[in-house]
1. Taking the stated definitions as given, is Asp19 among the acidic types (Asp, Glu), on the phi < 0 side of the Ramachandran plot and modelled with pLDDT of 95 or more?
2. Going by what's in this entry, would Arg21 be described as part of a loop (DSSP other than H, G, I, E, B) and over 10 Å from the mean Cα position of the chain (by Cα)?
3. Return the residues of segment 100-115 that are free of Cβ contacts under 8 Å to residues at least 24 places away in the same chain and either assigned to a helix (DSSP H, G or I) or within 17 Å of Asp33 (Cβ to Cβ) (or both); say none if nothing qualifies.
4. Would you say Leu118 is touching a Lys or Arg at 6+ places or on another chain (Cβ under 9 Å), free of Cβ contacts under 8 Å to residues at least 60 places away in the same chain and open to solvent by 10 Å² or more (accessible area, probe 1.4 Å)?
5. What number of residues within segment 23-68 are β-branched (Val, Ile, Thr), farther than 21 Å from Leu131 by Cβ and open to solvent by 50 Å² or more (accessible area, probe 1.4 Å)?
6. Could we say that Glu97 is within 24 Å of Arg122 (Cβ to Cβ), surrounded by fewer than 17 Cβ atoms within 10 Å (Cβ to Cβ), in contact (Cβ under 8 Å) with a residue 60 or more places away in the chain and out of contact with any helix residue (DSSP H, G or I) (no Cβ under 7 Å at 6 or more places or on another chain) here?
7. Filter segment 52-80 down to the residues that are within 18 Å of the chain's Cα centre (by Cα), of a type outside the set (Val, Ile, Thr) and assigned to a helix (DSSP H, G or I) and list them by number.
Amino acid sequence: MHKDKITADLESAIQRLQDLRFEVGAQVVWLADRSGRILAEAGMIERVVPGEMVEVVNRSFDSSLQLVQQLREDRSFNLVYHEGARFDIYSSNIDHERFIVLVFDRRQGPNRIGIVWLYTKRAVQDLYNLLVNEEA
């Protein structure tokens, strides 16, 4: 793939993460891969170590990806939600190799799970079309 194309795809992915962050009110949204690398991010948050957070979230996808294999499906949409005292964390797979993580600081106000689910699902499809379909 040409370097300019990769750069344009990454810029488009970052813009989509920024749009999602604005739509749902997250403090930060990360795009990461299964090796634990953060590929892109929008926003920032204190008291959270991005690499450590992504590593833990990454492990949460293992059983859902095994379920996809067991059911012989090509792909699925998995939204994982953690409600904490300080932070709410949502994560969703884009494909077998990449996922997004959204972090909400509960001190900034409540988030609405239905809205987050809807906009996250739309963003995941957009990122899938951008990143996965372009590779095919």
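The values are calculated or read from the model by the stated rules, or taken from the named source; none is laboratory data. In this text, all values refer to a predicted model and were calculated from it rather than measured experimentally. No Cβ is skipped: glycine too gets one built from the backbone with ideal geometry, and neighbour counts run over all protein chains shown. These accessible areas exclude ligands, DNA and RNA; they are computed on the full protein's heavy atoms, side chains included. Shrake-Rupley method; radii C 1.70, N 1.55, O 1.52, S 1.80 Å.
1. Criteria met by Asp19.
2. Answer is no for this residue.
3. Arg106, Arg107, Gly114
4. The answer is no for Leu118.
5. Residues in segment 23-68 being β-branched (Val, Ile, Thr), farther than 21 Å from Leu131 by Cβ and open to solvent by 50 Å² or more (accessible area, probe 1.4 Å): 2 in total.
6. In short, yes.
7. Of everything in segment 52-80, those that are within 18 Å of the chain's Cα centre (by Cα), of a type outside the set (Val, Ile, Thr) and assigned to a helix (DSSP H, G or I) turn out to be Glu52, Met53, Glu55, Asn58, Arg59, Ser60, Asp62, Ser63, Ser64, Leu65.
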